[in-house]
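The values are calculated or read from the model by the stated rules, or taken from the named source; none is laboratory data. Please read all numbers here as calculations on a predicted model, not as lab measurements. Methodologically, a virtual Cβ is constructed for each residue, glycine included, from the backbone with ideal geometry; neighbour enumeration extends over all protein chains shown. Areas reflect the complete protein model, heavy atoms only, side chains present, ligands, DNA and RNA absent. Shrake-Rupley method; radii C 1.70, N 1.55, O 1.52, S 1.80 Å.
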Amino acid sequence: MSSASPPPTREFTNPPNYQFPTHRLARVLRNPDKQPLVLVACGSFSPVTYLHLRMFEMAKDYVRQNTDFEVVGGYLSPVSDQYKKPGLLSAHHRVNMCNLAAEQTSQWLMVDPWEAFQDYQRTAVVLDHFDYEINTKRGGIELPDGTRKPARIMLLAGSDLIATMSEPGVWSEADLDHILGRYGVMIIERAGADMDQAIDSLSRWRHNIHLIHQLVQNDVSSTKVRLFLRRGLSVRYLLPMPVVDYIEEHGLYRDDGPTASAASGAIAAEKEKGKEKEDAAATASSSCSSS
C-alpha cells in the first residue's frame, strides 16, 4: 500500500513541443478488483540493453503472481544531459535508442523524454510528473463500468539503486520517504549483489520495496557494452538489433572517455546537488537502472 499523503502539488516545466506518451497505456483495467500499476525506470540508458527491457518483463511476472496490481504501462525515462555522468551520450541519441528498443521489441513499453530534454530532475520529481500526467490530468485508468481508478506509480530499478539509497548522505531523507513511502520500488537483483544489508537500513519502507530475483542471471550492463564498443568487439545479441544498427550507423561509443557505474554516477551527482541545495535537503538520484 502507498502512503496516504495527498497528491503532490507542484509546477512542472515541460521541454519544447513535449507530449506525454500514452499510445500504449492501457485505457481500461481488465480486472476491476486490481489496482492499476505504472512502472517507471529512470537511468542513463547509454545504451539501452536487453537487461533494461527484461527488468520490465520480470516485474510484470512478479506483479501478476504476487500482488493485487495490474500493470497498465511501462516507461523508460532517460536522464538529462545535465546529470554530468562521465561518458554520458547526448540525450538525443539515448532517447532515440530507447524508442527503437521499446517500439520494435515490445508491445507495451514506452519512452518518456520529459526528464531527458531539460535540466536535471530528481527521481522524486520524475515520479510526481508521472503521477500528474496519468492521475491528475487523465483521472487514472478507466474501469469496465466507466468509472476511473488512480494508477499506482512505482519505480523500477536494479539492486545498485538500493545500495545508494542505503548509503548515508547520498539521498535526502525527504526524497527517500517520498519515493519509497508514497510510490514504492521494484528492485531487480543483479548478479553478485547482496541486498539484505541495504534493505535492513531501509526497513521503515520495507512494505513498499519489492525484491525480484532473476531466475536466469543476466549481468549485461551499459558499461560493459561501451567497453566492448571501444575495443571494437561485437555487441550483437547484447542489445536489440535496431539499437546495434543505430550505434553503428552513427559511430557511437568509439571514444567513450572515462567510465563510471550508475551507482557511482548517482553518488557523485547527488553529492554535487546536495552542496548546491543543502538548505532544502532536496537531493535525489535520477540514475536507476543503467550501469
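Flag set for residue 150, criterion: modelled with pLDDT of 95 or more and either open to solvent by 30 Å² or more (accessible area, probe 1.4 Å) or on the phi > 0 side of the Ramachandran plot (or both).
The helices (runs of 4 or more DSSP H) found wholly in the range 134-242 and carrying at least 1 residues that are more than 14 Å from residue 49 (Cβ to Cβ) and touching a strand residue (DSSP E or B) at 6+ places or on another chain (Cβ under 6 Å) occupy 159-165.
On the given criteria, is residue 165 within 30 Å of residue 219 (Cβ to Cβ) and in contact with a His (Cβ under 8 Å, 6 or more places away or on another chain)? The answer is no for residue 165.
If you check residue 138 against the conditions, is it touching a Ser or Thr at 6+ places or on another chain (Cβ under 6 Å), basic (Lys, Arg) and over 13 Å from residue 41 (Cα atoms)?
no
From the set of residues in the range 178-200 that are of a type in the set (Gly, Ala, Ser) and either open to solvent by 50 Å² or more (accessible area, probe 1.4 Å) or farther than 13 Å from residue 163 by Cβ (or both), which is modelled with the lowest pLDDT?
Of the residues in the range 178-200, the ones of a type in the set (Gly, Ala, Ser) are 181, 184, 191-193, 198.
With either open to solvent by 50 Å² or more (accessible area, probe 1.4 Å) or farther than 13 Å from residue 163 by Cβ (or both) added as a condition, the list becomes 181, 184, 191-192.
Values: 181: 96, 184: 97, 191: 66, 192: 62.
Top of the filtered list is 192.
Is there a residue being in a loop (DSSP other than H, G, I, E, B), open to solvent by less than 10 Å² (accessible area, probe 1.4 Å), at pLDDT 95 or above and in contact with a helix residue (DSSP H, G or I) (Cβ under 7 Å, 6 or more places away or on another chain) anywhere in the range 94-115? Yes: the range 94-115 contains one or more residues that are in a loop (DSSP other than H, G, I, E, B), open to solvent by less than 10 Å² (accessible area, probe 1.4 Å), at pLDDT 95 or above and in contact with a helix residue (DSSP H, G or I) (Cβ under 7 Å, 6 or more places away or on another chain).
The lone criterion from (1) free of Cβ contacts under 8 Å to residues at least 12 places away in the same chain; (2) touching a Phe, Trp or Tyr at 6+ places or on another chain (Cβ under 6 Å) left unmet by residue 129 is number (1). Working carefully through the options 56, 69, 45, find the one that is in contact with a His (Cβ under 8 Å, 6 or more places away or on another chain) and either under 23 Å from residue 190 (Cα atoms) or open to solvent by 10 Å² or more (accessible area, probe 1.4 Å) (or both). Matching residue, one of 56, 69, 45: 45. Is it the case that residue 144 is more than 14 Å from residue 75 (Cβ to Cβ) and in contact with a Gly (Cβ under 6 Å, 6 or more places away or on another chain)? So residue 144 fails the test.
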